[in-house]
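Working notes, structure below.
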Amino acid sequence: MEHVCFENIRLESGVDYFLYIGEIKAFGLSDFVRQGLERRCGRPFKAIGICPDILHQYPYDNVVVINPWAKPPRANARSDEAGRVSAGPFVAHVCASRYVQSLLRLLRERQDGVYVWMFESRREFQLQEMDGVTLLGPDPELVHQLNDKTWQYETFKELAPVVEFRICQGRDDMLTCCGEFAKRCSHGVFVSCDYSAGGVSSKVVQRIEDAECKFTDPEGRYLVSAYKPHVWDPTVLGVVGNERDVFVAGVADMTIVDGNKFRGSTYPSRLPGPIQQRLKDYTAAVGRKLGSLGFRGIFGCDYIVDAEDNIFFIEVNPRKQGTTMEYCCTLEHLLPQGAANLPALEIGAVLDNRFPENTVYPDPQRVAALDIHWGTFNYKVEGQCARTRTALAQRLKERELFKRVAGNGAGGHVILEHVGADVDVLPGTFMGRVAAVGSSRRAMLLALNRGKKKLASCIRDA
């Protein structure tokens with residue numbers, strides 16, 4: 001089979017299947033997608049995950065690992081190698097794969113149509129051109145347009161406060177602008193390419209030389225803004241139903257390192273209630289604007305809050321966020337039984353241009369009374385390659401940990417997507433993740449720190 005590194009598909013009679021395409025870290029959300037499809041269609045569904053991740057353990061059924069970039073095992077090698085695969089090339093390869101196309105034809109023979117969902121709708125996705133294939137997500141071409149950070153600042157500056165910024169065309173213009181900003185911005189200057197995510201194509205610079213080294217495209221389009229010292233990095237998750245209806249799930253606090261690198265989140269936010277409400281209001285306004293442009297589905301907005309409680313918009317992500325799984329698990333215990341969760345809201349928005357009839361918005365009193373605290377941490381290798389010495393197995397599903405805490409049971413943490421033992425983890429690659437849940441913030445943080453220590457201890461010479 002072409003570039004298929006692992007496969008455990010077992011099709012069952014009487015069950016319809018849908019596909020997830022993307023990194024395995026989001027595959028757990030498929031169970032919520034399943035629930036939404038079953039309620040809508042009135043028949044059983046199961047997911048098939050098509051992922052690029054080379055792991056020592058796959059804690060899910062019906063997973064196919066396709067990775068043409070993975071190095072073949074080397075004779076007498078001391079270790080395997082883990083590297084992160086870019087989403088665009090992966091989606092393009094999957095869509096061109098004869099194996100995947102054959103799988104889709106097989107499913108089409110068994111069922112009326114095939115639904116596909118992704119963490120982010122990618123313009124490389126071309127499978128919707130096949131008869132009977134439906135994407136459960138925003139339009140890929142629109143998502144690509146919305147991801148332009150320069151467009152975002154120009155568009156949303158009327159809806160939410162933004163720091164002083166300028167759009168620069170070309171590297172020379174950007175460097176000149178950095179010099180001008182540096183004269184009056186004692187804390188540094190933030191520079192980002194028009195398309196940037198996770199801090200890969202952005203940087204807080206203190207000297208012009210820093211920008212010269214980081215940004216090399218002479219014809220690039222850049223966003224330059226004053227770096228604003230701040231206390232909080234809140235993120236808000238929502239769903240756009242149409243140009244009027246926006247569901248806001250809640251506010252979490254991000255963990256940001258080096259000024260622009262996301263490493264995890266904690267919930268509930270420690271920001272005062274009035275600040276959180278303003279963040280929700282800004283996010284709803286952004287969502288309605290997205291809806292007017294045709295966007296339908298899950299999205300997130302990131303902000304900063306300074307010591308004087310001033311809020312500044314940072315970016316909108318027209319896709320699922322790193323907190324989507326945790327919010328789905330939280331809403332399962334926050335909303336009435338049978339209420340639509342986030343994937344079901346997205347399904348209704350995409351297919352019907354509205355939220356489903358079983359939509360219930362979060363009640364502030366129930367939010368305040370819910371004794372569920374969660375935190376996440378992404379262990380990403382920086383600088384140079386790291387070699388693992390032990391494997392950390394996932395012993396409990398994250399959703400089950402939430403259910404245990406909601407039932408007044410013990411909290412704890414789970415290790416997710418660990419690459420395994422004797423693996424060389426390349427720079428920029430996630431070695432593993434931690435999700436912790438507790439009935440108090442203190443219990444959650446203790447569990448989260450235990451998980452982080454486990455991940456750090458599995459590196460040789462750590």
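Return the residues of the range 146-166 that are hydrophobic (A, V, I, L, M, F, W, C) and either part of a helix (DSSP H, G or I) or surrounded by fewer than 20 Cβ atoms within 10 Å (Cβ to Cβ) (or both); say none if nothing qualifies.
So in the range 146-166, the residues hydrophobic (A, V, I, L, M, F, W, C) come out as 146, 151, 156, 159-160, 162-163, 165.
Scanning the range 146-166 gives 146, 151, 156, 159, 162, 163, 165.
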Pick out the one residue from 321, 277 that is part of a helix (DSSP H, G or I) and either surrounded by 23 or more Cβ atoms within 10 Å (Cβ to Cβ) or more than 16 Å from the chain's Cα centre (by Cα) (or both). 277
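Do any helices (runs of 4 or more DSSP H) lying entirely in the range 1-115 carry at least 1 residues that are of a type outside the set (A, V, I, L, M) and assigned by TED's automatic domain parsing to the domain that holds residue 320, and which ones are they? Show your work before the answer.
Values: elements: 30-41, 87-96, 98-110.
In the range 1-115, there are no helices (runs of 4 or more DSSP H) which contain 1 or more residues that are of a type outside the set (A, V, I, L, M) and assigned by TED's automatic domain parsing to the domain that holds residue 320.
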Residue under evaluation residue 249, criteria (1) without any contact (Cβ under 8 Å) to a residue 60 or more places away in the chain; (2) buried (at least 22 other Cβ atoms within 10 Å of the Cβ), criterion not met: (1)
Return a yes/no flag: does the range 172-190 have any residue that is modelled with pLDDT of 95 or more, of a type in the set (Phe, Trp, Tyr) and either under 25 Å from residue 87 (Cβ atoms) or in a loop (DSSP other than H, G, I, E, B) (or both). no
Against the definition (outside any strand (DSSP E or B), in the same structural domain as residue 354 (by TED's automatic domain parsing) and not small (Gly, Ala, Ser)), how does residue 326 come out, yes or no? yes
All but one of (1) surrounded by fewer than 21 Cβ atoms within 10 Å (Cβ to Cβ); (2) at pLDDT 95 or above hold for residue 385; which doesn't? (2)
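What number of residues in the range 25-71 are among the polar types (S, T, N, Q) and modelled with pLDDT of 95 or more?
If we filter the range 25-71 for residues that are among the polar types (S, T, N, Q), which is where we start, we get 30, 35, 57, 62, 67.
The next check asks that each one be modelled with pLDDT of 95 or more; those that pass are 30, 35, 62.
Qualifying residue count for the region: 3.
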Checked against (1) out of contact with any helix residue (DSSP H, G or I) (no Cβ under 7 Å at 6 or more places or on another chain); (2) in a loop (DSSP other than H, G, I, E, B), residue 309 satisfies every condition except (1)
When residue 81 is evaluated against the numbered criteria (1) modelled with pLDDT under 95; (2) crowded, with 19+ Cβ neighbours inside 10 Å, which criterion, by number, is the only one it fails? (2)
With the condition kept exactly as written, say whether any residue in the range 122-141 is over 24 Å from residue 316 (Cβ atoms) and of a type in the set (D, E, K, R). yes
Residue 366 meets each of (1) among the basic types (Lys, Arg); (2) surrounded by 15 or more Cβ atoms within 10 Å (Cβ to Cβ); (3) within 17 Å of residue 330 (Cα to Cα) with one exception, condition (2)
Does the range 199-215 contain any residue that is under 19 Å from residue 263 (Cα atoms), surrounded by fewer than 17 Cβ atoms within 10 Å (Cβ to Cβ) and either touching a helix residue (DSSP H, G or I) at 6+ places or on another chain (Cβ under 6 Å) or not hydrophobic (A, V, I, L, M, F, W, C) (or both)? no
Report, ordered by the first and then the second residue, all pairs with beta carbons closer than 8 Å, sequence separation of six or more or different chains, a first member in the range 274-298 that is outside the structural domain of residue 118 (by TED's automatic domain parsing) and closer than 13 Å to residue 312 by Cα, and a second member that is crowded, with 24+ Cβ neighbours inside 10 Å and among the polar types (S, T, N, Q). none
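The values are calculated or read from the model by the stated rules, or taken from the named source; none is laboratory data. Just so we're clear, the structure is a prediction, and the values are computed from it rather than from any experiment. As a convention, Cβ positions derive from the backbone with ideal geometry for all residues, glycine included, and neighbour counts pool all protein chains shown.
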